[in-house]
Amino acid sequence: MSELLLCNQKIAEIPYYIEGISINIYSLEELCYYIMNNTYLIDKDFANAQLCTWIEMQMKQVELAEQLRKVMSENGSLEQFVMYILDSCSYCTRQEKAQIVSELEILQEKSDFECSKIRADKLMEKEKYLSAIYEYKRLLELDEIKSESDILIGNIYHNLGTAYARLFLFDNAIEAYTEAYSHNQNKESLKACLMADRCNHD
C-alpha cells in the first residue's frame, strides 16, 4: 500500500492481488483501505470466489468467507458483499461506511459506459496508466459510444493519448491525440499531439 497501516488482525502469508491497480493486499485492514479509497473501481467482479478463499485460508475468517459466498450464491448486492467485509474489522467509521455504500449505489444506477468512464478517469488520477489505457480502450469498444457526442469521444481519446504519453509510448499517443482532434477539434489535443511528436523525435 502507499502508506503505513496499523493492522490489528492477521497478516497474510500469501497476499491477495488486485489486478486493476496492481497491488497486493495482506490484511483485512488493507482490504478495507482499498475499498474506501477506490470505491469507484469496485465492480461486480470484485465479489469473486478467489477473494472468499483468500479470506478463509489466509485471514482464517471462515464465517466471513461463508457470508460472502452466501451473498454471491443468492445474487445479493455488491453493497451487501462490501459491507460484510467492512464490518469484519473496525477500520472504517460508520459515516465512512455509509459514504461507501452511497457511492456504490450511485454506480449501480449508472450505465456500463458511465461506470467505465468514471473508473478510467480515476485510474488516470491515481497514475495507473496501463489500467487506464485498458479501461479507455474498453470504453471505446462499447456499443454505447456510438450514441455519445463527438466532443466526449474526442476527450476519451485525448485521455488515452495522455496515458500513452506518460508511459513514453509516443507513437500510440500521437495516434490517440490525432483521433481526439478529429472528434473534438480541441486545440489542446492538437497541441498535445505536436508535443508527443516532438518527444518522439527526441
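One line per residue, one yes/no per condition, for (1) open to solvent by less than 20 Å² (accessible area, probe 1.4 Å); (2) farther than 27 Å from Ile42 by Cα; (3) in contact with a Leu (Cβ under 9 Å, 6 or more places away or on another chain):
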| site | (1), (2), (3) |
| --- | --- |
| Leu104 | yes, no, yes |
| Asp112 | no, no, yes |
| Leu123 | yes, no, yes |
| Glu148 | no, no, no |
| Asp171 | no, yes, no |
| His201 | no, yes, no |
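Scanning region 62-78 for residues that are at pLDDT 95 or above and either of a type outside the set (Gly, Ala, Ser) or surrounded by 16 or more Cβ atoms within 10 Å (Cβ to Cβ) (or both) yields Val62, Glu63, Leu64, Ala65, Glu66, Gln67, Leu68, Arg69, Lys70, Val71, Met72, Glu74. Among the residues of region 57-74, not a single one is charged (D, E, K, R) and closer than 15 Å to Ile35 by Cβ. Of the listed requirements (1) loosely packed, with under 15 Cβ neighbours inside 10 Å; (2) in a helix (DSSP H, G or I), Glu127 misses just one: (2).
Yes/no per residue for (1) touching a strand residue (DSSP E or B) at 6+ places or on another chain (Cβ under 8 Å); (2) small (Gly, Ala, Ser); (3) closer than 20 Å to Lys44 by Cα; (4) surrounded by fewer than 15 Cβ atoms within 10 Å (Cβ to Cβ):
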position: Cys89; (1), (2), (3), (4): no, no, no, no
position: Glu96; (1), (2), (3), (4): no, no, no, yes
position: Gln99; (1), (2), (3), (4): no, no, yes, yes
position: Gln108; (1), (2), (3), (4): no, no, yes, yes
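Here's the yes/no breakdown for (1) of a type in the set (S, T, N, Q); (2) open to solvent by 70 Å² or more (accessible area, probe 1.4 Å); (3) more than 26 Å from Phe113 (Cα to Cα):
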position	(1), (2), (3)
Lys10	no, yes, yes
Ile14	no, yes, yes
Ser27	yes, no, yes
Asn38	yes, no, no
Leu41	no, no, no
Asn48	yes, no, no
Trp54	no, no, yes
Thr93	yes, no, yes
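Being in contact with a Ser or Thr (Cβ under 7 Å, 6 or more places away or on another chain), in a helix (DSSP H, G or I) and touching a residue at least 12 places away in the same chain (Cβ under 8 Å) is the requirement here; does Leu104 meet it? For Leu104, the condition - in contact with a Ser or Thr (Cβ under 7 Å, 6 or more places away or on another chain), in a helix (DSSP H, G or I) and touching a residue at least 12 places away in the same chain (Cβ under 8 Å) - is met.
For region 28-45, residues that are more than 15 Å from Ser88 (Cβ to Cβ) and either free of Cβ contacts under 8 Å to residues at least 60 places away in the same chain or assigned to a loop (DSSP other than H, G, I, E, B) (or both) total 6.
Rundown of residues vs (1) among the basic types (Lys, Arg); (2) closer than 15 Å to Ala196 by Cβ; (3) in contact (Cβ under 8 Å) with a residue 12 or more places away in the chain, yes/no style:
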| residue | (1), (2), (3) |
| --- | --- |
| Ser111 | no, no, yes |
| Lys117 | yes, no, yes |
| Lys137 | yes, no, yes |
| Tyr177 | no, yes, yes |
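Each residue in region 46-65 was checked for being assigned to a loop (DSSP other than H, G, I, E, B) and in contact (Cβ under 8 Å) with a residue 40 or more places away in the chain, and 3 pass.
Screening the candidates Glu135, Glu144 for the property of being surrounded by 18 or more Cβ atoms within 10 Å (Cβ to Cβ), under 28 Å from Ile18 (Cα atoms), among the acidic types (Asp, Glu) and under 22 Å from the mean Cα position of the chain (by Cα) yields one hit, Glu135. Within region 173-192, which residues are part of a helix (DSSP H, G or I) and either over 21 Å from Leu139 (Cα atoms) or open to solvent by 60 Å² or more (accessible area, probe 1.4 Å) (or both)? Once the filter is applied, which keeps residues that are part of a helix (DSSP H, G or I) and either over 21 Å from Leu139 (Cα atoms) or open to solvent by 60 Å² or more (accessible area, probe 1.4 Å) (or both), region 173-192 yields Glu175, Thr178, Glu179, Tyr181, Ser182, Lys187, Glu188, Leu190, Lys191, Ala192.
The values are calculated or read from the model by the stated rules, or taken from the named source; none is laboratory data. Small disclaimer: the values here were computed from a predicted structure and weren't measured. Here the Cβ is made from the backbone with ideal geometry for all residues, glycine too, and neighbour counts use every protein chain on show. What goes into the accessible areas is simple: the full protein's heavy atoms, side chains included, and nothing from ligands, DNA or RNA. Shrake-Rupley method; radii C 1.70, N 1.55, O 1.52, S 1.80 Å.
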